[in-house]
Amino acid sequence: MAGYTNLPFRRIAYDYGACFAYTEMIAAQSVFKARQKVSEMLPSPKEPFTGIQIYGFSPEYILKAAERLQTFGKFIDVNAGCPVKKVVKKGMGGALLKDLDRLFEIVRILKENLSVPVTVKTRIGWEKNEVERIYGGLVNSGVDMVVFHTRTVKQMFKGKADWKVLSKIKDKAVPILVSGDIFSPEDALNALELSGTDGALVARGAVGNPWIFSQIRSLIDYGYYEEPSINERMEIMMKHLRENIEFMGERRGVIEFRKFVAGYTKNLKNSREFRSLFMKVQDYEAAVNLVRDFFDGEVIL
Ligand SMILES: Cc1cc2nc3c(=O)[nH]c(=O)nc-3n(C[C@H](O)[C@H](O)[C@H](O)COP(=O)(O)O)c2cc1C
């Protein structure tokens, strides 16, 4: 997730059971221009299984970028789902679903030239469901795995993700993963069952809620899962905050942590007031004091 899945967040997600992750999406053109920004987005060598997501228009340019970056990640992922206007109007991201031959060519050229697996993160179509055509073409181009956010590009985030459309894909030559509206371990199990896919992706549901990954695992393996205690929640939040600061410096680390605070304090009494106070904090000590004061005596509603 652009703006979220940086190194500190991926580390926390791995700590709590994620089996793989992606970098934020990286523009193919930026690889040779915004080097500093791109190097900050790349996986660390210690990450267990992080793919590098690239978006772009020209197959040759995407290949050049992927060749440069491939050694930093475990696989290269092509974004063919982003619905953001400035991306789509240049024919990139979700717009590739209006230009499927180009998408298939991108995968083909990457597969021919890279030494790491090539995957695609996409949606079910531009404005109507075309999963079978998209999946079939990607398989023919040599793709190693496909993740479908089960909405169309035009839908943006409106309506409900339609997990069931993936069950129509009969010949599952390479793994398919389902994405969209998985906010709880039960959602993950339902999505897997209704889609008939090999795995599920958690995106927004992991923000300030990274333990969802181990909860899903526990629900699958043992039929139940536990909620972290108030104290555990606080510890995980503080750890994430410290990682953020270590990665990007104190002020930026605290400020950029604001987007995670709502998740970490969801369903807690007085969380509204806490969140608005946190929005004003800019240094570690003030942040930690605020977090400690808040969690002290806090109860789950
Ligand atoms: C803020 C935000 C940023 C996102 N950035 C990306 C991205 O960079 N690459 C991508 O493939 N999907 C991106 N997505 C889409 C998610 O990966 C996911 O498919 C979508 O949010 C639906 O899943 P969810 O309901 O579990 O969030 C983003 C979603 C959000 C909300």
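Can you pull out every residue in region 156-183 that is away from the ligand (no atom under 16 Å from the Cβ), basic (Lys, Arg) and part of a loop (DSSP other than H, G, I, E, B)?
Result: Lys170, Lys172.
Surrounded by fewer than 17 Cβ atoms within 10 Å (Cβ to Cβ) and under 24 Å from Glu227 (Cβ atoms): which single residue out of Ala286, Ala262 fits that description?
Ala262
Do we find that Val153 is within 15 Å of the ligand (Cβ to nearest atom), part of a loop (DSSP other than H, G, I, E, B), buried (at least 22 other Cβ atoms within 10 Å of the Cβ) and of a type in the set (A, V, I, L, M, F, W, C) in this structure?
yes
Would you please name the residue that is farthest from the ligand (Cβ to nearest atom), looking only at residues in region 192-233 that are among the hydroxyl-bearing types (Ser, Thr, Tyr) and more than 17 Å from the chain's Cα centre (by Cα)?
So, considering only residues that are among the hydroxyl-bearing types (Ser, Thr, Tyr) and more than 17 Å from the chain's Cα centre (by Cα), the one farthest from the ligand (Cβ to nearest atom) is Ser229.
Do we find that Ile236 is surrounded by fewer than 17 Cβ atoms within 10 Å (Cβ to Cβ) and either within 22 Å of the chain's Cα centre (by Cα) or modelled with pLDDT under 95 (or both) in this structure?
no
Would you tally the residues in region 46-91 being touching a helix residue (DSSP H, G or I) at 6+ places or on another chain (Cβ under 8 Å) and without any contact (Cβ under 8 Å) to a residue 12 or more places away in the chain?
Final tally of qualifying residues: 2.
Looking at Glu60, Glu67, Glu47 in this structure, which one is modelled with pLDDT of 95 or more and in a loop (DSSP other than H, G, I, E, B)?
Details: Glu60 fails: in a loop (DSSP other than H, G, I, E, B); Glu67 fails: in a loop (DSSP other than H, G, I, E, B).
None of the others qualify; the one that does is Glu47.
Inside region 184-208, can you point out the residues that are more than 30 Å from Lys239 (Cβ to Cβ), in contact with a strand residue (DSSP E or B) (Cβ under 7 Å, 6 or more places away or on another chain) and not in a helix (DSSP H, G or I)?
Thr197, Asp198
Yes or no: region 168-191 includes at least one residue that is more than 21 Å from the chain's Cα centre (by Cα), surrounded by 15 or more Cβ atoms within 10 Å (Cβ to Cβ) and not polar (S, T, N, Q).
Among the residues of region 168-191, at least one is more than 21 Å from the chain's Cα centre (by Cα), surrounded by 15 or more Cβ atoms within 10 Å (Cβ to Cβ) and not polar (S, T, N, Q), which makes the answer yes.
What are the residues in region 1-45 that are among the β-branched types (Val, Ile, Thr) and either more than 16 Å from the ligand (Cβ to nearest atom) or over 23 Å from Asn209 (Cα atoms) (or both), if any?
Correct list: Ile12, Ile26, Val31, Val38.
Can you find even one residue in region 113-123 that is more than 21 Å from the chain's Cα centre (by Cα), modelled with pLDDT of 95 or more and polar (S, T, N, Q)?
Taking region 113-123 first, the residues more than 21 Å from the chain's Cα centre (by Cα) are 113-115.
If we keep only those that are modelled with pLDDT of 95 or more as well, we get 113-115.
Subsequent filtering for residues that are polar (S, T, N, Q) retains 113, 115.
Yes.
Looking at the structure I just gave you, is Ala18 aliphatic (A, V, I, L, M), over 16 Å from the mean Cα position of the chain (by Cα) and within 23 Å of Met145 (Cα to Cα)?
no
The values are calculated or read from the model by the stated rules, or taken from the named source; none is laboratory data. It should be emphasised that the depicted structure is a prediction, and the values quoted were computed from it without experimental measurement. All Cβ positions, even for glycine, are placed from backbone atoms using ideal geometry, and neighbour counts span all protein chains on display.
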